[in-house]
Amino acid sequence: MEVEVKLRLPNSQSHQKLSNLLSPFHTTTLIQENIFFDTPTTTLAVSNAAFRLRFYNLDSYAVLSFKSKPELTQGISRVEEHEEPIDPSLARSFLTDPNGLLGLSNKSQIMEKLKGEFGVDELICLGGFKNVRGVYDWKGLKLEVDETVYDFGVCYEIECESKEPERDKELIEGLLMENGIDFVYSDINKFGVFMSGKLPSK
């Protein structure tokens, strides 16, 4: 189970102000490309599940992931997550040949799960979005400040994986409020925004 604090920032100015504030704590910046797959009848999306390839820093490495049973309440996200590393060049080939992923089933627990539990026997590529993630080590927390670029606009968010989400959410809220940075609780995850085809309304 992955548990994260997720707070949405209203605009690029808030994102830049937070990035500047956290700059002494910066550890790395990740360029992420997220590509999603589903059956032609969206079996996975209908089941509130997401199947994704993520490429990092111009194909330096890639990860296959499957997320299911998401819950997002008051800025705290809980989701079942499975991840597996995958060769980036092999992963790239699946963008034009999605069904090639099915051939991984005897090597991949994720593919075994998709076939066994969801009956997946055909895949299509849904497309995706890019994300620039600034990573900061602040007060023992790993803060991830995201600029997510969709075909229909840009969204800004701060995330923090946490074992004590209520406590850590309060710490992050304090940082934002003390520095006059507006925010709201995220009420939809990035995949949900992508599938909706529009930016969150508030």
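The residue of region 189-202 that is nearest to residue 129 (Cα to Cα), among those that are open to solvent by less than 60 Å² (accessible area, probe 1.4 Å) and not in a helix (DSSP H, G or I), is 197. Residues that are assigned to a helix (DSSP H, G or I), among the aliphatic types (A, V, I, L, M) and open to solvent by 50 Å² or more (accessible area, probe 1.4 Å) within region 83-128 comprise just one, 90. With respect to the conditions (1) without any contact (Cβ under 8 Å) to a residue 40 or more places away in the chain; (2) within 27 Å of residue 164 (Cβ to Cβ); (3) surrounded by 19 or more Cβ atoms within 10 Å (Cβ to Cβ), residue 62 lacks only one, and its number is (2).
Scanning for something more than 13 Å from the chain's Cα centre (by Cα), part of a helix (DSSP H, G or I) and under 26 Å from residue 167 (Cα atoms), does region 25-41 turn up at least one residue? Yes: one or more hits. Residues that are farther than 21 Å from residue 71 by Cα and open to solvent by 60 Å² or more (accessible area, probe 1.4 Å) were ranked within region 152-188; the one that is farthest from the chain's Cα centre (by Cα) is 178. Of 119, 128, all but one fail to be among the small types (Gly, Ala, Ser) and under 13 Å from the mean Cα position of the chain (by Cα); the exception is 128.
The values are calculated or read from the model by the stated rules, or taken from the named source; none is laboratory data. This structure is a prediction, so every number in the text was calculated from the model and none was measured. With ideal geometry, Cβ positions are generated from the backbone for all residues, glycine too; neighbour counts draw on all protein chains shown. The protein model used for the area step is the full one, side chains on, heavy atoms only, and it has no ligands, DNA or RNA in it. Shrake-Rupley method; radii C 1.70, N 1.55, O 1.52, S 1.80 Å.
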